[in-house]
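The values are calculated or read from the model by the stated rules, or taken from the named source; none is laboratory data. Please read these numbers as outputs of a predicted model, since none were measured by experiment. In this analysis, Cβ positions are derived from the backbone assuming ideal geometry, glycine residues included, and neighbour counts consider all displayed protein chains. Side chains are part of the model used for accessible areas, which takes the heavy atoms of the whole protein and leaves out ligands, DNA and RNA. Shrake-Rupley method; radii C 1.70, N 1.55, O 1.52, S 1.80 Å.
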Amino acid sequence: MGVTCVSQMPVAEGKSVQQTVELLTRKLELLGAEKQGTFCVDCETYHTAASTMGSQGQAGKLMYVMHNSEYPLSCFALFENGPCLIADANFDVLMVKLKGFFQNAKANKIETRGTRYQYCDFLVKVGTVTMGPSARGISVEVEYGPCVVASDCWNLLLEFLQSFLGSHNPGAPAVFGNRHDGVYGPADTMAQYMELFNKIRKQQQVVD
Amino acid sequence: MEAPPVTMMPVTGGTINMMEYLLQGSVLDHSLESLIHRLRGLCDNMEPETFLDHEMVFLLKGQQASPFVLRARRSMDKTGAPWHLRYLGQPEMGDKNRHALVRNCVDIATSENLTDFLMEMGFRMDHEFVAKGHLFRKGIMKIMVYKIFRILMPGNTDSTEALSLSYLVELSVVAPAGQDMVSDDMRNFAEQLKPLVHLEKIDPKRLM
């Protein structure tokens with residue numbers, strides 16, 4: 001586990017999501033990146049059920065339950081700007097038990113799937129973000145393996161990202177500034193995906 | 001969390017409906033040694049294992065009559081061990097053919113920010129205690145002999161006081177739903193512990 005940057009790649013002008021993904025992956029292959037199977041990150045949204053809201057005084061907080069194929073036995077539960085719990089995969093079973101208190105907003109299920117590439121010390125995942133049946137955007141994840149301190153390798157990550165993202169320039173992820181000890185962990189990657197998914201959900205609302 | 005070898009995969013997990021079969025009893029402090037001796041002889045030949053755990057019981061109140069209860073447990077003597085989150089369903093006494101109490105259970109290992117996360121979900125701590133004792137195994141059966149300590153100052157596990165002059169003895173098996181024959185093995189094992197301890201199917205409703 002190293003330091004990871006997750007960003008949204010805008011769809012190339014005059015191209016579809018699928019065509020833009022193909023352009024990106026072709027570029028990676030030309031660079032010499034090696035294909036290493038596929039990956040998937042998914043996210044389910046839970047509403048605090050109306051029954052608990054009044055008594056607890058929390059107005060409709062959203063909870064996200066996510067999975068990442070990089071950590072197949074784990075489940076990540078997050079609140080926006082809140083803690084991220086890393087748990088066994090059967091945390092999902094608990095959410096079923098909690099359905100009287102937390103309701104799964106099934107229509108909000110969002111995921112990204114794509115190919116996993118290895119290029120020297122970098123792990124690159126280019127995914128198509130889908131919500132329901134349609135493609136909504138593109139996610140690009142780059143992990144730099146040998147380092148766990150985000151501030152020490154952000155410039156290197158950025159330089160590598162620019163080598164295949166072209167003119168698109170992702171900013172430093174907000175989570176890089178959150179760590180007290182400066183050590184990056186899997187929960188930070190999930191927080192970045194959560195932000196990206198939220199951004200894409202909102203964009204979709206504008207278009208529709 | 002990386003995938004462990006298949007043989008180390010937890011038995012609980014996935015979407016399988018797991019049940020805990022339970023028999024309970026107690027011994028006075030002065031009988032502890034002889035019970036431990038007996039258990040060492042009967043159980044799997046493993047290094048004697050002791051534990052010192054801090055358990056917090058959390059409630060989530062809604063408009064439903066009964067609150068949702070979750071138990072968060074952490075080891076106080078093994079640093080770095082994951083936290084343990086446990087859901088226990090309503091206990092079923094069943095009929096005479098089933099020799100143990102049965103309740104639905106979900107066991108989840110989590111990261112150490114579990115209490116913060118439960119608070120964020122709207123749970124509030126109801127009570128807490130420290131459990132200190134010995135753990136034995138015999139096949140899939142688990143035998144716990146432990147003493148419960150009251151915590152004198154909330155949150156401070158350094159000042160505790162024994163709740164009684166006895167040790168609680170629990171024999172439990174976690175198995176998929178419907179495998180009632182495990183309760184036969186449990187009864188046979190409990191027979192072998194007589195007269196040191198009488199393990200029984202105790203209806204918690206009777207104690208209220």
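Restricting attention to region B:88-107, the residues that are more than 14 Å from every other protein chain (Cβ to nearest Cβ), open to solvent by less than 50 Å² (accessible area, probe 1.4 Å) and among the charged types (D, E, K, R) add up to 1. Pairs meeting the criteria (first residue in region A:6-23 and open to solvent by 70 Å² or more (accessible area, probe 1.4 Å), second residue part of a helix (DSSP H, G or I), beta carbons under 6 Å, at least 6 apart or on different chains) are lacking. Exactly one of these conditions fails for A:ALA105: (1) without any contact (Cβ under 8 Å) to a residue 24 or more places away in the chain; (2) within 28 Å of B:PHE123 (Cβ to Cβ); (3) surrounded by fewer than 22 Cβ atoms within 10 Å (Cβ to Cβ). Give me its number. With (1) without any contact (Cβ under 8 Å) to a residue 24 or more places away in the chain; (2) within 28 Å of B:PHE123 (Cβ to Cβ); (3) surrounded by fewer than 22 Cβ atoms within 10 Å (Cβ to Cβ) applied to A:ALA105, the lone miss is (1). Considering each residue of region A:184-202 in turn, at least one proves to be within 14 Å of another protein chain (Cβ to nearest Cβ) and part of a loop (DSSP other than H, G, I, E, B).
Yes/no per residue for (1) under 18 Å from the mean Cα position of the chain (by Cα); (2) within 22 Å of B:MET19 (Cα to Cα); (3) at pLDDT 95 or above:
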| residue | (1), (2), (3) |
| --- | --- |
| B:PRO154 | no, no, no |
| B:SER166 | yes, no, yes |
| B:VAL169 | yes, yes, yes |
| B:SER172 | yes, yes, yes |
| B:ALA175 | yes, yes, no |
| B:GLN179 | no, yes, no |
| B:GLU191 | no, no, yes |
| B:LYS194 | no, no, no |
| B:MET208 | no, no, no |
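Of the numbered criteria (1) surrounded by 18 or more Cβ atoms within 10 Å (Cβ to Cβ); (2) free of Cβ contacts under 8 Å to residues at least 60 places away in the same chain; (3) within 14 Å of chain A (Cβ to nearest Cβ), the one B:MET141 fails is (3).
Checking the condition under 18 Å from A:VAL17 (Cβ atoms), in contact with a Gly (Cβ under 6 Å, 6 or more places away or on another chain) and of a type in the set (A, V, I, L, M), which residue from A:VAL140, A:VAL129, A:VAL149, A:VAL124 passes? Please lay out each step first, then the result.
On the way: A:VAL140 fails: in contact with a Gly (Cβ under 6 Å, 6 or more places away or on another chain); A:VAL149 fails: under 18 Å from A:VAL17 (Cβ atoms); A:VAL124 fails: in contact with a Gly (Cβ under 6 Å, 6 or more places away or on another chain).
Answer to the check: A:VAL129.
Checking each residue in region B:180-203 for being closer than 17 Å to B:ARG98 by Cβ, without any contact (Cβ under 8 Å) to a residue 60 or more places away in the chain and part of a loop (DSSP other than H, G, I, E, B) picks out only B:MET181. None of B:PHE136, B:PHE149 is part of a strand (DSSP E or B), more than 14 Å from chain A (Cβ to nearest Cβ) and open to solvent by 20 Å² or more (accessible area, probe 1.4 Å) except B:PHE149.
Residue check: B:GLU120 meets all listed conditions (1) in contact (Cβ under 8 Å) with a residue 12 or more places away in the chain; (2) surrounded by 12 or more Cβ atoms within 10 Å (Cβ to Cβ) but one, namely (1).
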